Amino acid sequence: MNSGMTRLNAVEAVQSLEQGSITLLYRPREEKPLRDLGDVQRLLLLLAPHGSPYARLVVIGRKRLPRAPQHDRFWGFVDLVLTPDDMQAALGTQVSSANTRLRQLPAARALREGAYSLDLHNSHAHLRWHMERVPGDPFAPAIDLDKTADYIVTVANPDIAAWGLSEVPDLQEELFDDLELHVSLPSPYPPALQHRFGNRRFTQLDTTDWLDHPGTELVFASAD
């Protein structure tokens, strides 16, 4: 009886927040053969939740995803929340300006794609995915990534007071290089959502509302 109740409680402790399709993409710096990650401007995760009119694009800090069994972690931030058509346009060829010069950025390319789930278990949010390589991309083997992953996801508090700072940093050098400029906002959240941090630097991703605000900073820690 007790063992049966334990199993029941374990099942009840898992709450599905959402499921959907996931794609790992990269945007090259230039239209030329890629040698290594130095030729990649951004590494991206595209989340397309089932039943939602919006998709979310997450930029991976330092273009770095850990691989088991290192039990490492990586950072990212929600860059875009758009309809699928607008997201497709945003991932296409772009023109940027640097030092008054215009530069064309190649379209993002898919490396892996598959399915993901976001579940709440014992107050922790787990992002689980299974992705297969996209056939035909010669750069795919350079990204050494496990097909199946399980990460605990937390949200970083954008309130500088929680970090003991007196002003917003110009560039978060620990997370992103100089070509991944990420402007910190005082807070991308409405007051009711920001209030849930309290004085903590991090909080659990206990609702997908966190992911619907561009600027949301995320920490992914291996759950294995």
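Data for the structure
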{"read-out": "Using θ = phi - 60° and Karplus 6.51 cos²θ - 1.76 cosθ + 1.60, couplings along the range 37-47 (whole Hz; Gly, Pro as x)", "value": "5, x, 8, 9, 7, 9, 10, 10, 10, 9, 10"}
{"read-out": "Packing-based ranking, highest mean first, of 195-203, 106-114, 26-34, 150-158 given that Cβ atoms within 10 Å are counted", "value": "150-158, 106-114, 26-34, 195-203"}
{"read-out": "Gained length - T148 relative to S166, 0.36 nm times residue gap less alpha-carbon distance", "value": "2.4 nm"}
{"read-out": "At R0 = 30 Å, FRET efficiency that the Cβ-Cβ distance of R200 and K32 yields, to 0.05", "value": "0.10"}
{"read-out": "Under 15 Å, Cβ to Cβ, from S52 - net charge with Lys/Arg +1 and Asp/Glu -1", "value": "-4"}
{"read-out": "Added length on full extension, which subtracts the Cα-Cα distance from 0.36 nm per residue, A107 to T83", "value": "6.9 nm"}
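Only the coordinates and a few stated rules stand behind these numbers; no lab work does. Just so it is clear, the model here is predicted, and its values are computed rather than measured. In this analysis, Cβ positions are derived from the backbone assuming ideal geometry, glycine residues included, and neighbour counts consider all displayed protein chains.
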